[in-house]
Amino acid sequence: MLTYALAVLAACANAVSSVLQRKANKRVPQRENLSLRQIWILLHQPLWFGGILAITAGFLLPEWLPTAAMTAGLAGLLYLLAPSPGGTPRVHWYGWLSGVGGNLVLVGCLVLWARRRSLGKVRREKSGQWGGSSRAAVLAVAAGSTFGLTAALMKAMTRTLSGCCRIPLGKAGRPTGRAAKARCRTNPAVSC
């Protein structure tokens, strides 16, 4: 519904822009048509600037207003949740199994649903037709879920591997002690 309202407001802004710019342009003599003097005269008319502001609003309404609203909503959510640093929680294997499995099932269902809708008949719903933007939204949720899973797995692996690669370094920046040197030899990621 918001999309339709913003489209109507953008169309109205474009119409206002056209009217204001034509009205400002009528004040310029015809002999000045398509000349630098015409531009100079228009630059000194408030009506013409009003037309420029209206067309800018017509462009920004459908493009930037929803983005600004989503950004404000996300900022408000973060403010209200008030995240704070905590300890490093340990997740058991069954937690990972259920989380990864649930995520993969969700992504698979969303992709199948989007594919089925794109290959099947177009179904009319209350809001109109199932079209490209709805399919794109479903696939975007699937991709976002996959990115979230990847981020969680990378964070867990980084935390797991960060404890095994700590090697005490001496003044020259080289490992010290027999155990550290042995660890350095068995770990190709560490330069000795």
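The values are calculated or read from the model by the stated rules, or taken from the named source; none is laboratory data. Only a predicted model underlies this, so the values are computations on that prediction, with no experimental measurement involved. Counting neighbours? That spans all protein chains shown, and the Cβs are built from the backbone with ideal geometry, glycine included.
Being farther than 20 Å from Leu149 by Cα and charged (D, E, K, R) is true of Arg116.
Looking at segment 1-114, the helices (runs of 4 or more DSSP H) lying wholly inside it that each contain 2 or more residues that are among the hydroxyl-bearing types (Ser, Thr, Tyr) sit at 2-26, 46-81. One residue is enough: does segment 170-177 have a residue meeting the conditions at pLDDT 60 or above and among the charged types (D, E, K, R)? The answer is no; no qualifying residue exists.
Scanning segment 69-110 for residues that are loosely packed, with under 10 Cβ neighbours inside 10 Å and in contact (Cβ under 8 Å) with a residue 40 or more places away in the chain yields a count of 1.
Picking from residues in segment 79-114 that are of a type outside the set (A, V, I, L, M), at pLDDT 80 or above and under 23 Å from the mean Cα position of the chain (by Cα), the one that is nearest to Ala152 (Cα to Cα) is Asn103.
Being under 25 Å from Phe147 (Cβ atoms) and either surrounded by fewer than 10 Cβ atoms within 10 Å (Cβ to Cβ) or touching a Cys at 6+ places or on another chain (Cβ under 6 Å) (or both) is a property that Pro66 lacks.
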